[in-house]
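Q: Quick one: the structure is below, questions incoming.
The values are calculated or read from the model by the stated rules, or taken from the named source; none is laboratory data. Just so we're clear, the structure is a prediction, and the values are computed from it rather than from any experiment. Glycine gets a Cβ as well: all are built from the backbone with ideal geometry, and neighbour counts include every protein chain shown.
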Amino acid sequence: MEAAFKLAYEHARRSGRSKKPKFLSIDHAYHGDTIGAVSVGQVDLFHQSFAGLLFPTDKVMSPYCYRCPFNRAKPDRAEARQTRKCQWECIGKIEKRFEAIDKKKQAYAGFVFEPVIQGVAGMIVQPKGWLQRAATLARQAQTPLIADEVMTGFGRTGSMFASHQEGVQPDFLCLAKGMTGGYLPMAATLTTQAVYDSFLGPYDAFKSFFHGHSYTGNQLGASASLASLELLKTPGAAVKRRALACEFKEALNGLWASPYVGDVRHAGLVAGVELVRDWRTRATWDLKKQVGIRVCREMARQGVLTRPIGNLIVLMPPYCCSSRQIRKMVEALSRSIDIVLGKKRV
């Protein structure tokens, strides 16, 4: 991500689009813990301590259907993005933001987003069509697309890259975790020929992209990445992932029976289960009660390791899971909710 921000910023300056370009990102966004990543992130918890170190960025509202002020649908026992009733006000906010910066005769170096699902934001799955609409507005404003696919890449949400599920081809594609399957640290920032060319020139022009790390191009990490890619490309691998995703979704449907489950957000082999005090009102639990932590601790006692994001439980089964393990994971969550919060049914 840090490499993408530097490339995008300097490319915008060299192409004459802006002398001081800014970045646009989504509310609740999290893109990492380095200075640039925290600057474009929109999680106050990560911002407050380091505010004096950060550069200013703009944000637009997140398509968080479950708690969207424009969603007129009443709480239901189904995923909020599927039952929502709105007029795409979240897209309207993006359009107004681009119009505002254009009036100022300024430009964005890039529109930063996690495609299909925002992770640390609370596993917020974007309604179908949101990504394509948002990307179209950015293209019309001549704003490069910076896709953070550190979590969503390599088949996690269904397609090899989540951006492609809605026909969006980003100008910067940021990859990591899935490259090595978690075995070794490795990341990559892919970009376009046009961006690459803006850093070419005679030696004495010093137009090179001056950026690097001690372990850049690490041989072991690269070898692990190549091996992981070969596994991902094996015949039948994508078919197996799709089958697992269907079983995962079916298993998750059983969670709606609990009155403490407010929303179950799901995309491919990733899900977020938002726990509430009352599903009819969407009333939240006080974070001091540590509901998410307590549920995850109970799941650990049942042999399933995961983590919470506040009152939301994250489920991300690895691709090597069996159908039995998928069911065990969701059943452990269901039992843990009953043990921690009480066994009630809708």
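Q: What is the residue count in region 16-57 for residues that are in a loop (DSSP other than H, G, I, E, B) and surrounded by 15 or more Cβ atoms within 10 Å (Cβ to Cβ)? Let's see the steps before the verdict.
A: Start the filter on region 16-57 by keeping residues that are in a loop (DSSP other than H, G, I, E, B), which leaves 16-21, 27-34, 41-43, 54-57.
Next, only the ones that are surrounded by 15 or more Cβ atoms within 10 Å (Cβ to Cβ) stay: 17-18, 21, 27-32, 41-43, 54, 57.
The number of residues fulfilling the criteria is 14.
Q: What pairs can you find where one residue is in region 98-110 and surrounded by 11 or more Cβ atoms within 10 Å (Cβ to Cβ), the other is part of a helix (DSSP H, G or I), and their Cβ atoms are less than 6 Å apart, with a gap of 6+ or different chains?
A: Between residues of region 98-110 that are surrounded by 11 or more Cβ atoms within 10 Å (Cβ to Cβ) and residues that are part of a helix (DSSP H, G or I), the close pairs are Phe98/Leu137; Ala109/Ala8; Ala109/Tyr9; Ala109/Ala12; Gly110/Ala8.
Q: I'd like the residue in region 208-231 that is touching a residue at least 40 places away in the same chain (Cβ under 8 Å) and within 30 Å of Gly16 (Cβ to Cβ) and, out of all such residues, is surrounded by the most Cβ atoms within 10 Å (Cβ to Cβ).
A: Among residues in region 208-231 that are touching a residue at least 40 places away in the same chain (Cβ under 8 Å) and within 30 Å of Gly16 (Cβ to Cβ), the one surrounded by the most Cβ atoms within 10 Å (Cβ to Cβ) is Phe209.
Q: Additional query: Just checking, which of Arg280, Arg301 is surrounded by fewer than 15 Cβ atoms within 10 Å (Cβ to Cβ), outside the structural domain of Lys128 (by TED's automatic domain parsing) and in contact with a Pro (Cβ under 9 Å, 6 or more places away or on another chain)?
A: Working: Arg301 fails: in contact with a Pro (Cβ under 9 Å, 6 or more places away or on another chain).
Testing whether each residue is surrounded by fewer than 15 Cβ atoms within 10 Å (Cβ to Cβ), outside the structural domain of Lys128 (by TED's automatic domain parsing) and in contact with a Pro (Cβ under 9 Å, 6 or more places away or on another chain) leaves just Arg280.
Q: Listed residues Val239, Val195; which is over 30 Å from Tyr108 (Cα atoms) and β-branched (Val, Ile, Thr)?
A: Working: Val195 fails: over 30 Å from Tyr108 (Cα atoms).
Of the residues listed, the single one that is over 30 Å from Tyr108 (Cα atoms) and β-branched (Val, Ile, Thr) is Val239.
Q: Oh, and also: From the residues in region 78-92 that are charged (D, E, K, R) and in a loop (DSSP other than H, G, I, E, B), which one is surrounded by the most Cβ atoms within 10 Å (Cβ to Cβ)? Working first, answer last.
A: If we filter region 78-92 for residues that are charged (D, E, K, R), which is where we start, we get 79, 81, 84-85, 89.
From what is left, the residues that are in a loop (DSSP other than H, G, I, E, B) are 79, 84-85.
On the way: Glu79: 20, Arg84: 17, Lys85: 10.
This residue is Glu79.
Q: Give all pairs with beta carbons closer than 9 Å in which a residue from region 272-286 that is of a type in the set (S, T, N, Q) meets a residue that is assigned to a loop (DSSP other than H, G, I, E, B); count only pairs at least 6 apart in sequence or on separate chains.
A: Between residues of region 272-286 that are of a type in the set (S, T, N, Q) and residues that are assigned to a loop (DSSP other than H, G, I, E, B), the close pairs are Thr281/Pro75; Thr284/Val276; Thr284/Arg277; Thr284/Gly310; Thr284/Asn311.
Q: Confirm whether Phe199 is over 17 Å from the mean Cα position of the chain (by Cα), at pLDDT below 95 and more than 22 Å from Val116 (Cα to Cα). Working first, answer last.
A: Numbers: over 17 Å from the mean Cα position of the chain (by Cα): yes; at pLDDT below 95: no; more than 22 Å from Val116 (Cα to Cα): yes.
So Phe199 fails the test.
Q: What strands (runs of 3 or more DSSP E), lying completely within region 233-346, carry at least 3 residues that are of a type in the set (Ser, Thr, Tyr) and out of contact with any Gly (no Cβ under 9 Å at 6 or more places or on another chain)? Steps first, answer last, please.
A: Values: elements: 261-267, 270-275, 312-315.
So the answer is none; nothing clears 3.
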